[in-house]
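> Pasting a structure here, questions to come.
Readers should treat all values here as calculations from the given coordinates under stated rules, not as data from a laboratory. These numbers were taken from a predicted model, which means no experiment stands behind them. Backbone-built Cβ (ideal geometry, glycine too); neighbour counts: all protein chains shown.
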Amino acid sequence: MFGIAKKIRAAGVIGVNQRNADYILKYNSRRFYPLVDDKIRTKLLAKKFGIAVPELYAAIEIQRQINDLPKLLSLHDDFVIKPAHGSQGEGITVITGQTRGYFRKSDGSLVASEDLKFQVSNILSGIYSLGGQPDKAIIEYRVKFDPIFEHISYRGVPDVRIIIFMGVPVMAMVRLPTQESGGKANLHQGCIGAGVDIATGQTLHAVWKNSVVQDHPDTGHQVAGLVIPHWDQLLDIAARSYEMTGLGYQGVDLVMDQKFGPLLLELNARPGLNIQIANREGLSPRLKKIQVKHFSSVRERVAFARENFRSIYV
């Protein structure tokens, strides 16, 4: 047991306690948390900084507004319903179309308007929110992912998670939906996490349920070797999140839309650590390199990341 722990530390892998004590508590002021914990505030903030986000169609804040839901939904063929303060992908419903008075979910099943009203009511009650507090329901644009991901994603939208420290992109992975994850890009629900080389945007080996895999379990296609489009732009958006939120250590989640290109999906003040498994590399050495540096611009921070954090597996 002690031998394994020693090897993990030697590899520079950080755990939850070290992440919390050395980075989140030290570099993330609590007063900035509401900016990222509330997805509506995050959208408004991103637009203020000129960063594109999925369009917000409507926000439902109180139970009596649920009666207006059928009218709101009739304006859009497809959309996403999610909690404003949700976590780990819970409470999200993706609608891909409407047929004969029913709504078609991303898994192909049909739901009635009353089912969606019940879902929104649950969101407002706080079932899916951080701390179980009363919440708001967001209805937003459904991202149509870039076709380059078609063979390594199952009925869902892949997203890119980039860890940012003091405005510098540190480590990245792409999360690929599976049948087990219900088409959601969430590791806790069974999606794949594939490491991404910061320097080139190329996918590396992947992890699925804490096991290293080569192929997508549903499509059978190899995950490694794909170059993610718009990589320069994704790194720029991620690096700019530092000025946007004031958080020194955060996770930036982005998606690539067919029509609109890179979109900021959400920000996370407490990003998970499985990204280290997906990259087969610990965060600690990279974080320590940044701690002794001073940067004067976003461009300089991105250039530093690309020069210093190239994966040895490319």
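> What are the residues whose amide H is under 5 Å from the amide H of MET171, where those residues sit 5 or more places off or on another chain and H is modelled from the backbone?
ILE163
> Rounded, prolate or oblate: pick one for the range 31-166, where a ≥ b ≥ c are the square roots of the eigenvalues of its C-alpha gyration tensor, a/c under 1.5 means rounded, and failing that, prolate if a/b is larger than b/c, else oblate.
Verdict is oblate for the range 31-166.
> Taking the Cα centre as origin and putting +1 on Lys and Arg beta-carbons and -1 on Asp and Glu beta-carbons, what dipole magnitude results for the chain, to the nearest 20 debye?
1000 debye
> With +1 on each Lys and Arg Cβ and -1 on each Asp and Glu Cβ, and nothing else charged, work out how big the dipole of the range 56-140 is about its Cα centre, in Debye to the nearest 20.
Using only the charged Cβ atoms, the result is roughly 140 debye.
> Something else about it: Select one label from (i) 47; (ii) 61; (iii) 39: the one whose number is percent of Cα pairs over 28 Å apart as derived from the coordinates shown.
(iii)
> Turning to a different aspect of this structure: Just going by the charge dipole of the range 183-283, with Lys and Arg at +1 and Asp and Glu at -1 on Cβ, which of GLY225, ALA194, LEU235 is farthest out on the positive end?
Among GLY225, ALA194, LEU235, the one farthest towards the positive end of the dipole of the range 183-283 is ALA194.
> Let me ask something else about it. Using the 10 angstrom Cβ neighbour count as an exposure proxy, how do HIS294, HIS216, HIS205, HIS221 rank, fewest first?
HIS294, HIS221, HIS205, HIS216
> Do you know the relative contact order of the chain, to the nearest whole percent, from alpha carbon pairs under 8 angstrom that are 6+ apart?
Numbers: 646 pairs, mean separation 63.8, N = 314.
Taking the mean separation of contacting Cα pairs over the length of the chain, I get 20 percent.
> What does the charge count near ILE312 come to, summing +1 for each Lys or Arg and -1 for each Asp or Glu among other residues with Cβ under 14 Å from its Cβ? Don't skip to the answer; put the middle values down first.
On the way: positive: ARG280, ARG286, ARG310; negative: ASP197, GLU281.
Computed value for this residue: +1.
> Need one number: convex hull volume per residue for the range 107-252, Cα atoms only, in Å³.
138 Å³
> Still on this structure, I have one more. In terms of Cα to Cα distance under 26 Å, which lysines are near enough to LYS82, apart from those fewer than 8 places away along the same chain?
Output for LYS82: LYS39, LYS43, LYS47, LYS48, LYS71, LYS105, LYS117, LYS136, LYS144, LYS184, LYS209, LYS259.
> Also: Out of LEU69, THR178, ILE162, whose Cα points farthest toward the positive end of the dipole of the chain (charges: +1 Lys, Arg; -1 Asp, Glu; placed on Cβ)?
Checked the options; the winner is ILE162.
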